[in-house]
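Please read the structure below before turning to the comments.
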Amino acid sequence: MQTYQFKRDFYFDAGASSLGGTLVEPLSRPIPTQASVSLPAAGGFATARTEAFNLDGLISCAATSTTVSGRKKADGSARVLVTAVIEGLNLLDVVTADRLVAQISVDIPVTAEPRRISVLGSKFEKLSLGGVEVRASLAPDLLLPKPGINGSMANLTWEDFDRLGRVQAEALTKCAGDEERELAGWLDGRFGWMKDDQRRDGSQCSLSSLFHTVTPVDGVIPGRVLGHVIELPAFGRIFLGEVLASRDFVQVTLLRAELGCAVVGGTSGGVVTDNGHMVPPIGSY
């Protein structure tokens, strides 16, 4: 019987969008996706840019841009870089930012070794909530240097995000007071699954520092800080630096809003994703 030596090949699947979402009230309509871009399966380079955008005075930005690139290396491994930028964001004159940058770089080995991920470059510049400028920074756990693949700078695996998510979920589900049953139920419903030891591949965490997610520069935030979630009365909830990750997938959403006021809907800003795969899959032969 003839035997074959299979050669693995990487199929790229990465993309980014700077701004998008949907409104339910007072108007039922989509928020047109700004600067959406995707990478061909063969890799390469793609970029997109939009200029000033304004949706009925409800949400606007001065400009957006995205870039995605992917290349295969001589040893069969691959490297991906995805970036999304928003300039001059304004959401209902409540959430504003001079500049938001979401960025991931990913090294994918040809072996069963887990892919390495870096989030360096992701940042908030002059983020304001309710007119109060705040500082939001990356969690220290995400900045610790670790050896990358072939000398790369990428230094995290999805297991690192998983560990951070467990710690964050434990703290988030304790944010509500004894009398705040509705809030406690909401927090447990959203984040309690991360504490389940029986769950399978997949994790959720935040890039933002857990206990000092938002530090006012001057003044008091007109709302409540729950880890990386900020509740703003008569507005809704803001989520900072969300990460979804598994062995073959990572997505960063730098800022997301669930609107629950006169305006109802949801929007996300700075979304970068990598979901490429080795073929045949690792472990299938």
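Computed from the coordinates by the stated procedures, all read-outs in this text should not be read as laboratory data. These figures come from a predicted structure and were not determined experimentally. We place every Cβ from the backbone using ideal geometry, glycine too, and count neighbours over all the protein chains shown.
Computed values, structure above
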| quantity | calculated |
| --- | --- |
| Positive-end extreme of charge dipole, the chain - chosen from S128, V101, A74 (charges on Cβ) | A74 |
| Cross-link reach list, lysines versus K123, counting only Cα pairs under 24 Å and skipping chain neighbours closer than eight places | K146 |
| Under the Karplus curve 6.51 cos²θ - 1.76 cosθ + 1.60, θ = phi - 60°, whole-Hz ³J(HN,Hα) for segment 53-70, x wherever Gly or Pro sits | 10, 8, 9, 6, x, 8, 9, 8, 7, 7, 5, 9, 8, 9, 9, 9, 9, x |
| Stretchable slack from D56 to W186, in nm (0.36 nm times residue separation minus alpha-carbon distance) | 43.7 nm |
| Residues whose placed amide H lies under 5 Å from that of V134, excluding near-sequence neighbours | L127, S128, L129, V217 |
| Max mean-square fluctuation residue, GNM over the chain, Cα-Cα springs under 10 Å, options V85, V225, V167 | V167 |
| Amide H within-cut-off set for V95, under 5 Å, with H built and near neighbours excluded | G130 |
| 3J(HN,Hα) from dihedral phi, segment 167-180, Karplus parametrisation 6.51/-1.76/1.60, rounded to Hz, x for glycine, proline | 5, 5, 4, 4, 6, 4, 6, 10, 6, 7, x, 4, 8, 9 |
| Gaussian network model of the chain, Cα within-10 Å springs - most flexible of V94, V271, V110 | V94 |
| Calculated diffusion of segment 9-279, Stokes-Einstein form, Kirkwood radius summed over Cα pairs, 25 °C and 0.890 mPa s, µm²/s | 128 |
| Residue-wise HN-Hα coupling along segment 29-37, computed from phi with Karplus coefficients 6.51, -1.76, 1.60 (Hz; x: Gly, Pro) | 6, x, 8, x, 5, 9, 6, 6, 8 |
| Farthest toward positive dipole pole in segment 9-279 [+1 Lys/Arg, -1 Asp/Glu at C-beta], among S65, C261, S28 | S65 |
| Label point 7 Å beyond Cα of K126 along Cβ direction - residues of segment 44-82 with amide nitrogen under 14 Å | 62-63 |
| Within the chain: Cβ-based charge dipole about Cα centre, in debye rounded to nearest 20 (Lys, Arg +1; Asp, Glu -1) | 920 |
